[in-house]
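Only one structure is covered here, and it is reproduced in the block below.
The values are calculated or read from the model by the stated rules, or taken from the named source; none is laboratory data. On a predicted model such as this, the values are computed, not experimentally measured, just so you know. All Cβ positions, glycine included, derive from the backbone under ideal geometry; neighbour counts span all protein chains shown. What goes into the accessible areas is simple: the full protein's heavy atoms, side chains included, and nothing from ligands, DNA or RNA. Shrake-Rupley method; radii C 1.70, N 1.55, O 1.52, S 1.80 Å.
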Amino acid sequence: MIYRRGHTVKAIFKRLTFLALAAGIHIFLLAGCQDTIKLPVDQGGVTGSGDTVFIKLNPPWDITTGVDLSQPTDIIIGPDGLVYIADTGNDRITVLNRSGFEQTGENLDNIGAVDNPTGIVFDNMLNLYICNGSDTVYSWNRYLNNYGVVGAALEFTMLDTVSGETLILTEAEDFVEYAYGQPDPDKFWVLVDISWDFSPEAIDEAMRMKAFYVSPTSQFYAAAVDPIAGNVLYFTDPAKQRIYRVRAEIDKMVALGNGLWGYTYKAAPLGTAISYGTGKLTCDQPRGITFDEEGYMLFSQVGGNFKIQKIAQDNFAAFNIFGFNDSSDVMIEGRFANPADVCIGLGSGTGTGWIYAADTDSNRVQVFDADGVFLMNAGFRPLPVDTSVVDTVITQIDSVTFDTSYVITDTVLVLEMNDELSCPAGVAVFDGVLYICDTDYNRIMRYGLSSSEGDLPGQGY
């Protein structure tokens with residue numbers, strides 16, 4: 001009969017373990033010394049994700065590669081596949097392709113200056129909404145600027161083909177209702193004429209960035225769009241300790257350079273969605289916000305007891321369905337240090353709806369599955385440390401005699417050093433790449449996510 005007992009023998013192992021735990025640094029073992037971040041199968045009772053790896057994609061997007069950022073705070077991948085960055089210190093929205101080159105064509109340079117942008121999001125109508133910590137949310141339409149505006153509609157002449165009656169409409173929203181909704185059951189309305197305003201002022205008003213929604217004394221930080229409703233937006237408002245929602249409604253109809261029509265949009269207030277509180281289903285200093293495909297709202301906050309929350313609406317449109325179990329890792333109090341952003345992204349293999357939290361003051365990104373189970377950290381510097389593990393093998397010779405032998409196994413201890421990022425405030429995931437706003441270092445860091453190094457995206461992503 002053989003008994004096996006393992007223990008570490010190098011003093012450096014014990015010393016590093018003590019220091020790492022005291023500093024809050026994660027430790028795990030690697031089979032070899034490679035420039036990858038391997039996930040453990042079991043990390044102190046927290047399950048990892050098998051062979052999934054995050055590998056840093058070089059170069060970083062910063063001044064050395066021609067990307068002059070200053071305190072970038074938010075990042076999204078737009079519906080056009082371009083990377084939009086809230087370039088806070090430069091008072092602008094910087095647009096890059098996924099190779100890291102700045103884009104100014106198709107009127108992208110017409111977004112205009114905005115003081116200290118902090119949060120950005122696109123809706124289904126290609127409106128880009130911009131928050132900047134003020135009482136105003138701004139909007140700019142990608143579709144209108146791509147094709148150009150040549151005129152704005154002033155009046156719509158409608159004809160009832162049943163009675164011959166004519167009707168003049170001055171609101172684009174009314175035109176859509178009559179032309180496509182046919183509100184009168186005994187009539188059938190058709191458009192017979194449009195009066196246009198082709199002035200430069202009307203064209204500029206349609207294409208430029210403009211105030212979309214204003215709420216005095218608010219300080220809107222970030223925005224998200226409900227993917228199910230499509231035109232309902234949510235804004236985090238730390239000053240008023242709330243998450244507020246509005247509906248984007250048609251404002252004006254415009255003629256485009258491609259011969260088609262388009263629309264500008266205005267905000268219709270819908271009221272507070274999440275109110276102040278320190279527990280579940282409430283918010284306290286909310287920051288980043290997003291939605292998953294099932295309609296769950298996720299937001300981060302720097303106050304309250306639960307820094308990352310996942311909430312859905314019931315049949316009465318009230319947000320009172322909580323998406324995490326109380327025992328899930330994401331609910332552990334003290335786990336986060338002022339997380340400024342949260343996003344949803346596909347995981348590796350069958351992992352869908354993974355949650356990425358920019359754990360700002362811990363200089364890392366924490367990754368969870370859709371149920372809030374911790375998977376891994378990202379954005380840290382792995383520090384391999386050679387060490388040895390000694391297995392004590394006890395062999396029973398007879399009922400009273402035992403023989404002891406020792407087997408020494410070389411291994412590598414890896415410390416997670418959270419010094420690669422400095423106060424990351426924004427995070428996005430797209431096409432197998434994790435994008436991080438490395439805010440204090442004025443750059444964007446990228447990490448490829450894959451279950452094997454051969455599947456990683458190339459440098460052009």
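Residues that are assigned to a loop (DSSP other than H, G, I, E, B) and free of Cβ contacts under 8 Å to residues at least 40 places away in the same chain were ranked within the range 275-291; the one that is nearest to Glu249 (Cα to Cα) is Ser275.
Listed by position, the strands (runs of 3 or more DSSP E) inside the range 350-461 whose residues that are within 16 Å of Ala337 (Cα to Cα) and at pLDDT 95 or above number at least 3 are 354-359, 364-368.
Only one residue in Ile344, Ile321 is of a type in the set (A, V, I, L, M), within 27 Å of Asp431 (Cα to Cα), in contact with an Asp or Glu (Cβ under 7 Å, 6 or more places away or on another chain) and open to solvent by 30 Å² or more (accessible area, probe 1.4 Å). Which one?
Numbers: Ile321 fails: within 27 Å of Asp431 (Cα to Cα).
Sole residue among the options that is of a type in the set (A, V, I, L, M), within 27 Å of Asp431 (Cα to Cα), in contact with an Asp or Glu (Cβ under 7 Å, 6 or more places away or on another chain) and open to solvent by 30 Å² or more (accessible area, probe 1.4 Å): Ile344.
Among the residues here, Phe156 qualifies as in contact with a helix residue (DSSP H, G or I) (Cβ under 8 Å, 6 or more places away or on another chain), outside any loop (DSSP other than H, G, I, E, B), aromatic (Phe, Trp, Tyr) and surrounded by 15 or more Cβ atoms within 10 Å (Cβ to Cβ).
Contact annotation: residue pairs with Cβ atoms under 8 Å, 6 or more positions apart or on different chains, pairing a residue in the range 177-203 that is closer than 20 Å to Glu249 by Cβ with a partner that is assigned to a loop (DSSP other than H, G, I, E, B), are Glu177/Pro183; Gln182/Phe188.
Among the residues of the range 292-322, those that are of a type outside the set (Asp, Glu), assigned to a loop (DSSP other than H, G, I, E, B), more than 17 Å from the chain's Cα centre (by Cα) and at pLDDT below 95 comprise Asn315, Phe316, Ala317, Ala318.
The set of residues in the range 256-269 that are in contact (Cβ under 8 Å) with a residue 60 or more places away in the chain and not in a strand (DSSP E or B) comprises Gly257, Asn258, Leu260. Touching a residue at least 60 places away in the same chain (Cβ under 8 Å) and closer than 21 Å to Tyr138 by Cα: is that true of Thr272 in this structure? Criteria not met by Thr272. Checked against the criterion of being in contact with a helix residue (DSSP H, G or I) (Cβ under 7 Å, 6 or more places away or on another chain), open to solvent by less than 60 Å² (accessible area, probe 1.4 Å) and among the aromatic types (Phe, Trp, Tyr), the range 375-387 has no qualifying residue.
Please find, among Asp391, Asp398, the residue that is more than 26 Å from Phe299 (Cβ to Cβ), exposed (fewer than 14 other Cβ atoms within 10 Å of the Cβ), in contact (Cβ under 8 Å) with a residue 60 or more places away in the chain and more than 41 Å from the chain's Cα centre (by Cα). Break it down stepwise before answering.
On the way: Asp398 fails: in contact (Cβ under 8 Å) with a residue 60 or more places away in the chain.
Testing whether each residue is more than 26 Å from Phe299 (Cβ to Cβ), exposed (fewer than 14 other Cβ atoms within 10 Å of the Cβ), in contact (Cβ under 8 Å) with a residue 60 or more places away in the chain and more than 41 Å from the chain's Cα centre (by Cα) leaves just Asp391.
Given the criteria open to solvent by less than 50 Å² (accessible area, probe 1.4 Å) and in contact with a Lys or Arg (Cβ under 6 Å, 6 or more places away or on another chain), does Ala202 qualify?
Values: open to solvent by less than 50 Å² (accessible area, probe 1.4 Å): yes; in contact with a Lys or Arg (Cβ under 6 Å, 6 or more places away or on another chain): no.
The answer is no for Ala202.
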